[in-house]
Amino acid sequence: MNIVTIIGARPQFIKAATLSRIFHQDNSITEFIIHTGQHYDINMSEIFFRELEISPPNLNLQVGSGLHGAQTGKMLELIENALIKQAPDCVLVYGDTNSTLAGALAASKLNIPVCHIEAGLRSFNKSMPEEKNRIITDHLSDVLFVPTNRAKTQLLQEGINPNAIINSGDVMYDACLYYKDKSARNSNISHRLGLKNTDYILATIHRAENTDDSRRLKRIISDLVTLSSSYRVIFPLHPRTKNLMANLLQHLGPHNIEFIEPVGYLDIAQLETNSIAIITDSGGVQKEAFFHEKPCLTLRDETEWLELIESGWNKLYPPTDLNKEPILDAVQNLIASVPSYTKPVCYGTGNAAETIVSSLKDMYK
């Protein structure tokens, strides 16, 4: 069986690693990895392939950043050419990035089966580029691997053929379990930053709805400055966020926020594991917070991971909601109110990758 995997951003590297590890152990499967180059900074890309123990991409399209249309268009043309040469049995796409959409479109136009991993998620906010990518990819896909029952129900409501939907569980949970010990052994970021366990809050901000809106971004940074009067805040800066924040950073005034360069998966796992709480707008980090048993404040108006809100371990904190409680109160109340931790049954049992590979072998052997 010949498979082409299309990835381009940090969360996809992590998800794809769980399957690639199994592919490489099976002589009946050949995987050709296409990296679109959507994330091209070494700390956002190359380091992940090394740490996650997966082979470097067979092809790097080096598309880089740009407007959505231009970026997706470049990817579409280059992916199409690669798929014609490879003629795979199926194409795997992950999540909700422009790389996901371009891969699904290119394969679908060539009548190559599209398998979407992490299908069925919805924030119900179509102003988000990710929401558009999810919806279109799901409706182009031939096989949809959903991480939760809620995602399956959503696809059924949209008229997706039930025979095309497989509840595999969440590959991000697989990754969290697999790399947890390696992170503890190999990451020295706590030592490098002089951190003690649970003496800091980890913050990550990168989503366009926050970074491209100067009002939201200013409010977020103002809240983090306020929070830093009581907690040390560690803030790995996505390159794009750093550029958009350049003016704000020059006029911050006194604060206890430590801005650091982007870090690899093992380092971010350690930062998550040893924090007292996490503040993020990332879909993946929301789940990683839960898997690492850390309260999470999500700086968005909505989330596609409603299970996290229902669990009591995650709380939405819309940046521009004037009626929300002060950030220090929000964080302290969340830390004080989280229920006893239980294993995330809704995300599977940690064998999502095995389920997906077994299903692919049955369908495309």
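So if I check each of ILE309, ILE268, ILE335, which one is in contact with a Pro (Cβ under 6 Å, 6 or more places away or on another chain), of a type in the set (Val, Ile, Thr) and assigned to a helix (DSSP H, G or I)?
Going through ILE309, ILE268, ILE335 in turn, just one is in contact with a Pro (Cβ under 6 Å, 6 or more places away or on another chain), of a type in the set (Val, Ile, Thr) and assigned to a helix (DSSP H, G or I): ILE335.
I need every pair where a residue in the stretch 122-138 that is assigned by TED's automatic domain parsing to the domain that holds ASN210 has its Cβ under 6 Å from the Cβ of a residue that is crowded, with 21+ Cβ neighbours inside 10 Å and of a type in the set (S, T, N, Q), sequence separation at least 6 or different chains.
Note: no pairs meet the criteria.
Taking SER187 as meeting all but one of (1) touching a Gly at 6+ places or on another chain (Cβ under 9 Å); (2) farther than 21 Å from PHE259 by Cα; (3) hydroxyl-bearing (Ser, Thr, Tyr), write down the number of the exception.
Exception for SER187: condition (2).
Answer yes if at least one residue in the stretch 232-248 is in contact with a strand residue (DSSP E or B) (Cβ under 7 Å, 6 or more places away or on another chain), under 24 Å from ASP321 (Cβ atoms) and not polar (S, T, N, Q), and no otherwise.
Yes, there is a match, as at least one residue in the stretch 232-248 is in contact with a strand residue (DSSP E or B) (Cβ under 7 Å, 6 or more places away or on another chain), under 24 Å from ASP321 (Cβ atoms) and not polar (S, T, N, Q).
Could you tell me how many of the residues in the stretch 24-62 are part of a helix (DSSP H, G or I), out of contact with any helix residue (DSSP H, G or I) (no Cβ under 7 Å at 6 or more places or on another chain) and at pLDDT 80 or above?
Final tally of qualifying residues: 1.
Give me the pairs: first residue in the stretch 207-220 and among the small types (Gly, Ala, Ser), second residue surrounded by fewer than 19 Cβ atoms within 10 Å (Cβ to Cβ), beta-carbon distance under 8 Å, and six or more apart or on different chains, which are they?
ALA208/PRO129
For a quick check of your reading: which strands (runs of 3 or more DSSP E) sit entirely within the stretch 123-223 and have at least 1 residues that are polar (S, T, N, Q) and at pLDDT 90 or above?
Answer list for the stretch 123-223: 165-167, 200-204.
So which pairs qualify, if the first residue must be in the stretch 72-99 and in contact (Cβ under 8 Å) with a residue 12 or more places away in the chain and assigned to a helix (DSSP H, G or I), the second must be surrounded by fewer than 17 Cβ atoms within 10 Å (Cβ to Cβ) and among the charged types (D, E, K, R), the Cβ gap must be under 8 Å, and the two must be at least 6 apart or on different chains?
The qualifying pairs are GLU80/LYS109.
Could you run through the stretch 313-327 and say how many residues are free of Cβ contacts under 8 Å to residues at least 40 places away in the same chain and surrounded by fewer than 14 Cβ atoms within 10 Å (Cβ to Cβ)?
Adding up the residues that qualify gives 4.
The values are calculated or read from the model by the stated rules, or taken from the named source; none is laboratory data. No experiment lies behind these values; they were computed from the predicted model shown. Quick reminder, even Gly has a Cβ in these numbers, built from the backbone with ideal geometry, and neighbours come from all protein chains shown.
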